Amino acid sequence: MRIVSLVPSITELLCDLDLSDELVGRTGFCIHPWETVRTIPKVGGTKDVLMDRVRELEPTHVVVNIDENLKEDAETLATFVPNVVVTHPLGPRDNLDLYRQMGETFGREVEAERLCAEFEHAYERAVAGVGEERSVLYLIWRDPWMTISPDTYIARTLALFNWRSPEGVAVLGNPEGDKGQPPRYPEVDLHDFVGKVDRVLLSSEPFHFKERHVAEVAELVPGSEVSLIDGEMTSWYGSRAIAGLDYLAAYTA
C-alpha cells in the first residue's frame, strides 16, 4: 500500500494504526506525530493539493474528508488513484466508525478495535461529569469573525459537555450556504451575541487566536467569559479525539 493522507487528523490516526511505513504523502498541515511525519513528502495543503506531486508518488490510496478537502480535488484524484477513501465524521461517536473504516481499509482491524476501546473509556469518563447547560460561541476566524453551526463536529463535541451553540447562530451573518442551506461556518457580528452567550471560546486553529485577542473579544461581547481553547482537542477526530475528550472534560469542569 502507498497512502497519501490529505486530512491532518487522519494522518495521525494512520500512524497510530501502525501505518506510518505505508504513508508516502501528506499535507503541510499534517504535523502529528512530528518525528514520524516530518520525513514524509508534502503534497500541498488540504484545499490546494499539488496533483502532479501526488501523481509522482503513485499512491494506491488517498484519504480525503468532505469538510476539509474540495470535491473537485477528490474527483481529479479518482482519475488516477485506484482508491479514494472518503471520510466525514460529524460527531464524537463517529470516531468508532472512522477507526473501523481505516482498520478494514488498510488491514489494521486489531489496532482499530484497540482504539475503539480507548475511546469508549474516555467517552464514559466525559459523560460522567457533564455540568449544567451553557451557551457558548466558538470562534474559528478573525476578520471576518467566523463561528461554527450546530451541525459541525466541533459543536457536537462541545454539546456532549452541555456547551451549546447559541440559538440561531447558523442564520446570523451569511443567510445561506451551499444548496440553500445555512453555512456550517458562518460569518457573524459579535455585537449580535451580547447578553446571549455565557462564554466565548477562541480556538487555536484555523486562526491562531492569542492572549491579546481575549481582551478584544471581551470588549465586543461584554458580560461573557472569554478564553482560549486548543482547537486540535475540539476539532480533530481520529485518535486525538480520545485525548480531546479528557481535555474537554477538564476544561468544562
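Any read-out appearing in this document is the output of simple, stated calculations on the displayed coordinates, not a laboratory observation. Because the structure is a prediction, the values reported are computed rather than measured. With ideal geometry, Cβ positions are generated from the backbone for all residues, glycine too; neighbour counts draw on all protein chains shown.
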(message) Between 154, 31, 140, where does the largest GNM mean-square fluctuation fall for the chain, given springs only between Cα atoms within less than 10 Å?
(response) 31
(message) Please compute the length gained on full extension between residue 31 and residue 78, using 0.36 nm multiplied by the number of residues separating them and subtracting their Cα-Cα distance.
(response) 14.4 nm
(request) Please report the Cα spread of the stretch 7-110 along all three principal axes, rounded to whole Å, starting with the longest. (result) 34, 29, 22
(message) Rounded, prolate or oblate for the stretch 42-177? Axes are the square roots of the Cα gyration tensor eigenvalues, ordered a ≥ b ≥ c, and the cut-off for rounded is a/c under 1.5.
(response) oblate
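Give the residue list of trypsin sites (Lys or Arg not before Pro) in the stretch 43-93 that are DSSP loop and have at most 12 other beta-carbon atoms within 10 angstrom.
Those that pass, being in a loop and sparsely packed, are 47.
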(request) Mind jotting down the distance between the C-alpha centroids of the stretch 12-29 and the stretch 52-76, whole Å? (result) 14
(message) Need the full-extension length gain, residue 66 to residue 48, defined as separation in residues times 0.36 nm minus the C-alpha distance. One decimal, nm.
(response) 5.0 nm
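How large is the convex hull of the Cα atoms of the chain per residue, expressed in Å³ as a whole number?
Hull volume normalised by residue count: 123 Å³.
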(request) Determine the gain in length on full extension of the stretch residue 2-residue 38; use 0.36 nm per residue of separation and subtract their C-alpha separation, reporting nm with one decimal. (result) 11.3 nm
(request) Give me the distance in nm between label points sitting 7 Å out from Cα along the Cα-to-Cβ direction at residue 167 and residue 97, one decimal. (result) 3.0
(request) Sticking with the crude label model, points 7 Å out along Cα→Cβ, report the distance from residue 130 to residue 205 in nm, one decimal please. (result) 2.7
(message) Just want to confirm a number: the relative contact order over the chain, from Cα pairs under 8 angstrom separated by 6+ residues, in percent.
(response) 17
(request) State the percent of C-alpha pairs, over all pairs in the stretch 1-59, separated by a distance greater than 12 angstrom. (result) 58
(request) Please give the direction-averaged projected area of the C-alpha convex hull for the stretch 134-251, in square nanometres with one decimal. (result) 7.0
(request) Please count, across the chain, the pairs of lysine residues with Cα atoms under 27 Å apart that sit 8 or more places apart or on different chains. (result) 6
(request) Would you mind telling me which residue in 236, 145, 163 has the biggest mean-square fluctuation in a Gaussian network model of the chain, where springs connect alpha carbons within a distance under 10 angstrom? (result) 145
